[in-house]
Structure formats: structure tokens, C-alpha cells
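J.: Structure incoming, see below.
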Amino acid sequence: MAAMTHADVSVPPDLDPFLLEHLDDPYPVYERLRDIGPVVHLPERNLWVVARYETVSAVLRDHRRFVSGLGSSYVRVAESGLRAPFIDNDPPEHTRIRRSVQQQFRRSTIEEMRPGIREVTEAHVDAAVAEGVIDVVTALTQPLPDLAIRQLTGITPPDTMTITSWADSVMHMVGPDADPIHFARVMEAFEWLGTTGLAGMPAHCLGRLIMEQGGDTGLLGDGEERLLTLGSIWLAGIDSTNSLMANAVHAFALFPQAWDAVRADPTLIPNAVEEVLRWDSPFRQFFRRTTEEVELTGVTIPADADVCAILPAANRDPVRFADPDVFDVTRADARQHVAFGASIHLCIGAPVARLEAVELLSALSTRVQRFELAGPAVRNPNREIRNFTSLPVRLVTDQDGRS
Ligand code: HEM
């Protein structure tokens, strides 16, 4: 059979997942994109879209034919003028940069952060429970990633709101039609990091290892590459984990039986975190580009094409996950999700994000009987990440239940 071209696999404009009207609930569009074919083409944006688990995994794993070096976000490196050292590079550059810090993200090393993270998480959860009705975002899921990343990197930002706004701008900047304000904010973040941020770092920390020694291998290049490497880790860990943790509370508010199951058996918590990542994945998509014509599942993708891999759509693919729309904390294969990507660019910070989310759910599970939505859950209108601007929730405790 002859390979199909864009004319054969084009989808109508209303299936554009970047349309604002799809941001709150993108899953119906994802389902239609998956149903239409393993690879589809969006003519208005000249984008090749993969939404099935099989093709998303294939694109992420084939880093030779689907490269990151032209940019792994909607906006190409050539347009933004910004190359993120990890995600916007291919081997051998990517390998050199990743090896410079890889040891610092081993699970055993990250495990050392647990007591510190537990302490701040429990303090925040205690304060939230005392409040009763909280906005989960401002009370928990914005401050906690900031505190964890301070511990990981040694960087103390001016305050949580400022780092939240900087990290949010990164997510807007790399998407379509970005307001220039976001670019300016990211520049401001790096300027602050290069001056005040570095000066305030303690004697032994990841930040100093990167800046003063060029990482574990000493192979990080000049000051600018070091600053960008450190800055990438710093900013990548804020909004992403905020999203995971808020999506978790939201899911448990919608499905109280799942929360009952977690409270009855806290050993389910790590798997529950994986199920949240699968069921409501933080990142909407990552991009790859072709450098030559590529055939994928019978579809010919031309050279120099933009390929958009929709991670949450893959994570709801019924071919890979049984009853994918069901939020099931006991799902045996939840961890097979691609919310952290796959292969050489697999999220380096995944152990940190998992630790933070497990600690939050553990602290909540011993104190909160159920979550009740206490107002409209407002999603951030961001085309890169799926998080909340506001998530008002009443934390109902066992004592409340008795009164
Ligand atoms: C729930 C939270 C998080 C999610 C869902 C997430 C997701 C991802 C994904 C999907 C990628 C792959 C990008 C690609 O293939 O192009 C990635 C890469 C990366 N993440 Fe995360 N991330 C999270 C938390 C973190 C944290 C806490 C950090 C830092 C402490 C971090 C640092 C990075 C870095 C540096 C990369 C680039 C790795 C590489 O290209 O080799 N992430 N992340």
C-alpha cells in the first residue's frame, strides 16, 4: 500500500488542540484525534500530530529521526532564539549536559530530600486543615514545589509568587501566540539568577556544583551554559509539580471513593500518584522535528516537519490502558504512562516530583477525610501545561464528619 500524505490524514480545524475552547477539557478532542489515525495532519498550523500511545512512544523513543535540537516546544529554537540545554539538544550535546547532573537525580540521592520535604509539607497541610476552606493552589501546590526546588538547587527566590510567575511565563513563552511579557519575565528570572540568586546559594549545593565545577563531570561549558542548565532545572520543577499535585487533589475531590481507598490502604499512594499522572497529565505535549522524510505507521512525514506528541492523549489510549477514562488508583499498569516522556529525554526530575506528590498525599491522607469543591475550579489558560489558577476546596476532617 502506498504511504499516506498530509492530504490523506488532514483533520478539520475544530480538532486543533491549541484552540482556547479545548483547554479546560481537551479529552474529547484527543479521543477524536486518536480515532482518526496514528498520525494526523493539522493544515492550519502545518502540524503533524500523534495522539495514540503507540505513535507517541515511537516518536519519543526515536531520537534520531525525531530530533529535539530544532526545538522541543511549539516555538522552534530558531524563532525564540532560546535553546534549553536539556530538552532542545540531541546527542552528543544532550548526553554531555545530562551526564553532568544525572548522578544528582539518582533515586537514592533524591531520597535524602524526604525528611525536609516531609517537614514543610506537613506544616503546610496542618495550616490548610486549620483553615478548613482553602485555595489548594495558593495554600499548597504553589509553595511546596518552590520549597522543594530550593532544597534541591540551593536557590532561594525572592518569594513564591515571583518564582511562580517566572515559571508560568516559561510555559506561556514556548507556546503559540505568546505575549512578549512572558519572554521579558523569563529574561528577568535569568538575570536575577545570574546575580542575586547565585550569590545567595549555600556552600554545598547543586547550584554551586553546576556553576563552579561544571557538574559532576566538569564538562559543562562556559558560564552561560552553566547558568542555563541550572536555570532549566530550577524553573522546570515549579509549575510541573504544582500541576501534578493540584490535579491530584482535584481528582480525589471528583472521586471520593478513590480517596477512601487511599486512606484505607496508604501503600496505594505511590501508585495513586502514577494514576494522577496518567489520568490528568501535567504537560499537554512536547514537539520533535524531522530532518528528513520519515515514514511512521504508513504515513509519510516530510523533512523539516513539526511533530506534536500529545502525552495526555496517549495516556488515555484505550488500546494501551483498559477503561482509560476511569480514575483507578489500583490500576496495575498506571506507571506505564508517558507523562514524564520517554527514552533519552525522560524527565530527570521525576524522582523529585514523585517524592513531593507522595508526601503531600501522605500528609493529607492522615488528616483529611474528603475534599469538597468549594467554588469554581479555574484552569490556567495555558497551552503547554494543565494546571489551575484557582482550586477552592473544603478539607473535611474526621472531626468535621462527627460534628
Ligand atoms: C510532575 C512533574 C513533572 C512532569 C510531568 C515533567 C515532565 C517532563 C517531560 C514530559 C519531559 C520530557 C520532555 C521531552 O521529551 O522533550 C521532562 C524533561 C525534563 N524535566 Fe520534567 N517534569 C516534571 C517535573 C520536573 C522536575 C521537578 C524537574 C527538576 C527538578 C524537572 C526537570 C526536567 C528536565 C531538566 C528535563 C529535560 C530532560 C532531558 O531532556 O534530558 N522536571 N519533564
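J.: Which order do Trp48, Trp234 fall in if you start with the one that has the fewest other Cβ atoms within 10 Å?
T.: Details: Trp48 28, Trp234 25.
In increasing order of surrounding Cβ atoms, one gets Trp234, Trp48.
J.: Shifting gears a bit: I need Ser73, Ser165 ordered by Cβ neighbour count within 10 Å, fewest first. Mind dumping the intermediate values first?
T.: On the way: Ser73 23, Ser165 14.
Going from least to most buried by this count: Ser165, Ser73.
J.: Next question, about the same structure. How large is the dipole of the chain about the Cα centre if only Lys and Arg carry +1 and Asp and Glu carry -1, each at its Cβ, rounded to the nearest 20 debye?
T.: On the way: 37 positive and 56 negative charges, 171 e Å.
Dipole magnitude for the chain comes out near 820 debye.
J.: Another question, then. If I build a Gaussian network model for the chain, linking alpha-carbon pairs within less than 10 angstrom, which residue out of Gly231, Gly223, Gly71 has the largest mean-square fluctuation?
T.: Gly223
J.: Subtracting the Cα-Cα distance from 0.36 nm times the residue separation, let me have the gained length for Glu111 to Gln336 in nm, one decimal.
T.: On the way: separation 225, 0.36 × 225 = 81.00 nm, distance 2.20 nm.
My answer for the length gained is 78.8 nm.
J.: Sorted from largest down, give the three principal axis spans of the alpha carbons of the chain, whole angstrom values.
T.: 69, 50, 37
J.: Can you sort Asp135, Asp216 so the residue with the fewest Cβ neighbours within 10 Å comes first? Present the calculation step by step, with values, prior to reporting the outcome.
T.: Numbers: Asp135 21, Asp216 15.
The order, fewest Cβ neighbours first, is Asp216, Asp135.
J.: For the chain, what's the relative contact order in percent, using C-alpha pairs closer than 8 Å and at least 6 residues apart?
T.: Working: 691 pairs, mean separation 101.5, N = 403.
Once divided by the residue count of the chain, the mean separation gives 25 percent.
J.: Sticking with this one: Using θ = phi - 60° and the Karplus form 6.51 cos²θ - 1.76 cosθ + 1.60, what ³J(HN,Hα) does each residue of segment 380-390 get, whole Hz, x for Gly and Pro?
T.: 6, x, 10, 8, 9, 10, 10, 10, 10, 7, 8
J.: Report the equivalent ellipsoid semi-axes for segment 95-175 in whole Å, largest first, defined as the square roots of five times the eigenvalues of the gyration tensor built from alpha carbon atoms. Mind dumping the intermediate values first?
T.: Details: eigenvalues 136, 76, 19 Å².
Those come to 26, 20, 10 Å.
J.: Rounded to the nearest 500 deg cm²/dmol, what is the calculated helix-only ellipticity per residue at 222 nm for the chain, with -39500 (n - 2.57) per DSSP H run of length n ≥ 4? Let's see the in-between values first.
T.: Values: 18 runs with 180 residues, N = 403.
Helix-only estimate at 222 nm: -13000 deg cm²/dmol.
J.: Beta carbons within 10 angstrom, averaged per residue: use that to sort the peptides 325-331, 108-114, highest first. Provide the component values of the computation, followed by the final result.
T.: Working: 325-331: 17.0, 108-114: 13.0.
Per-residue Cβ counts within 10 Å, averaged per peptide and sorted highest first, yield 325-331, 108-114.
J.: Pick out, in residue order, every one of the GluC sites (Glu not before Pro) in segment 258-313 that is DSSP loop and has at most 16 other C-beta atoms within 10 Å; say none if there are none.
T.: On the way: sites: Glu274, Glu275, Glu292, Glu293, Glu295; in loops: Glu292, Glu293.
Taking segment 258-313 and a limit of 16 other Cβ atoms within 10 Å, the loop GluC sites (Glu not before Pro) found are Glu292, Glu293.
J.: Follow-up. Quick check: Cα centre of segment 67-91 to Cα centre of segment 103-162, how many Å?
T.: 29 Å
J.: Just to confirm the filter: which GluC sites (Glu not before Pro) across segment 44-110 are DSSP coil and have at most 14 other Cβ within 10 angstrom of their Cβ? Don't jump to the answer; show the numbers that get you there.
T.: On the way: sites: Glu44, Glu54, Glu79, Glu93; in loops: Glu44.
The qualifying sites are Glu44.
J.: Find, among the trypsin sites (Lys or Arg not before Pro) in segment 65-161, those assigned to loop by DSSP (not H, G, I, E, B) with at most 12 other beta-carbon atoms within 10 angstrom.
T.: Here the sparse-neighbourhood loop sites are Arg106.
Read the figures in this text as sums done on the coordinates, not as results from a lab. From a predicted model like this one, the values you see are computed outputs, not experimental measurements. Note: ideal-geometry Cβ built from the backbone for every residue, glycine included; neighbour counts use all protein chains shown.
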